[in-house]
1. Kindly indicate the residue of segment 104-138 that is small (G, A, S) and surrounded by 10 or more Cβ atoms within 10 Å (Cβ to Cβ) and also farthest from T187 (Cα to Cα) among those meeting that condition.
2. If you scan segment 49-91, which residues turn out to be assigned to a loop (DSSP other than H, G, I, E, B) and surrounded by fewer than 15 Cβ atoms within 10 Å (Cβ to Cβ)?
3. Where residues in segment 20-42 are in contact (Cβ under 8 Å) with a residue 12 or more places away in the chain and not aliphatic (A, V, I, L, M), which of them is surrounded by the fewest Cβ atoms within 10 Å (Cβ to Cβ)?
4. List the residue pairs whose Cβ atoms are under 7 Å apart, where the first residue sits in segment 62-86 and is closer than 14 Å to W44 by Cβ, the second is polar (S, T, N, Q) and at pLDDT 95 or above, and the two are 6 or more positions apart or on different chains.
5. So the check is Cβ under 9 Å with 6+ separation or different chains; which pairs have a first residue in segment 121-136 that's without any contact (Cβ under 8 Å) to a residue 24 or more places away in the chain and a second one that's surrounded by fewer than 20 Cβ atoms within 10 Å (Cβ to Cβ) and in a strand (DSSP E or B)?
6. Somewhere in segment 139-147, is a residue over 20 Å from the mean Cα position of the chain (by Cα), polar (S, T, N, Q) and not in a loop (DSSP other than H, G, I, E, B)?
Amino acid sequence: MQTYQIAAIGGDGIGPEVLECGLRCLHAVAEFQGFRIAVERFPWGSNYYRQYGEMMPGDALETLKEFDAIYFGAVGDPEIPDDVTLWGLRIAICQGFGLYANVRPALKFPGVRSPLRPDLANQINWIVVRENSEGEYAGIGGRSHQSFAHEIAIDAAVFSRVGIERVQRFAFELCRSRPRKHLTCVTKSNAQRFGMVLWDEIFDSLSKEYSDVETDKVLVDAATARMVLAPASLDVVVA
């Protein structure tokens with residue numbers, strides 16, 4: 001019987017609680033499907049930071065690469081700056097392993113109440129694919145003249161052809177596996193005249209290659225309105 005090695009990182013806040021509930025579900029699925037999971041828990045996160053001055057040890061990635069999967073809870077603590085907690089744990093893991101696609105299914109389950117009207121809420125069945133390693137997550141920037149009146153801070157968003165194409169191609173392939181085969185590209189190329197324009201151009205090019213997938217493109221402002229007013233108009237979203 002196949003055994004999968006899972007590294008479990010509860011992290012902060014509700015993370016440990018959610019993780020334990022999720023592991024119960026994983027064990028149930030494993031029993032039903034005929035495989036095993038072996039779980040090793042790691043106490044990394046904000047409490048670890050309080051003790052050791054870092055969110056995870058320096059050799060954490062070497063440790064994690066021996067596992068088949070990483071199950072992560074949550075990160076963030078009101079007493080520690082968010083840029084320290086996020087960049088010291090989740091982003092460090094994502095960038096360290098090249099995890100460029102953040103895949104987020106959204107589905108309205110029967111019996112779960114929603115703030116939307118039932119006729120709209122019941123139409124929610126999306127998968128959102130968000131680029132997870134570039135853009136603002138590239139971590140390029142800096143601060144100068146700190147504490148002076150003329151202090152400045154710069155964050156640069158990075159858009160590479162390789163990074164854009166791989167996440168968009170991932171979304172197209174995912175879209176092909178779904179009945180509707182409809183992919184919505186979310187953009188902000190009206191304001192971001194270089195990176196997001198490249199994003200749009202690559203999407204248009206890939207659309208010709210994936211002619212079996214229906215596509216549309218929408219500005220992020222309008223996309224959020226569609227999620228509320230016309231949820232059935234969305235299937236797979238790439239952003």
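The values are calculated or read from the model by the stated rules, or taken from the named source; none is laboratory data. Since we're looking at a predicted model, the values are computed, not measured. As a convention, Cβ positions derive from the backbone with ideal geometry for all residues, glycine included, and neighbour counts pool all protein chains shown.
1. Keep residues of segment 104-138 that are small (G, A, S), which gives 106, 111, 114, 121, 133, 135, 138.
Okay, now just the ones that are also surrounded by 10 or more Cβ atoms within 10 Å (Cβ to Cβ), so 106, 114, 121, 133, 135, 138.
Numbers: A106: 20, S114: 27, A121: 24, S133: 17, G135: 12, A138: 18 Å.
Restricting to residues being small (G, A, S) and surrounded by 10 or more Cβ atoms within 10 Å (Cβ to Cβ), the top hit is S114.
2. The initial filter retains those residues of segment 49-91 that are assigned to a loop (DSSP other than H, G, I, E, B), namely 53-59, 65-68, 75-76, 78-79, 81, 89.
G53, P57, G58, D59, K65, E66, D68, P78, E79, P81 - these are the residues of segment 49-91 that are assigned to a loop (DSSP other than H, G, I, E, B) and surrounded by fewer than 15 Cβ atoms within 10 Å (Cβ to Cβ).
3. Checked segment 20-42; the qualifying residue surrounded by the fewest Cβ atoms within 10 Å (Cβ to Cβ) is G34.
4. Within 7 Å, the pairs are F67/Q5; V75/T85; G76/T85; D77/S46; D77/T85; I80/S46; T85/S46.
5. Sorted first by the residue in segment 121-136, then by its partner, the pairs are E136/D155; E136/A156; E136/A157; E136/V158.
6. Going through segment 139-147, the residues over 20 Å from the mean Cα position of the chain (by Cα) turn out to be 141-147.
Imposing the further condition that a residue be polar (S, T, N, Q) reduces the set to 144, 146-147.
Now drop any that are not not in a loop (DSSP other than H, G, I, E, B), which leaves 144.
The answer is yes; a qualifying residue exists.
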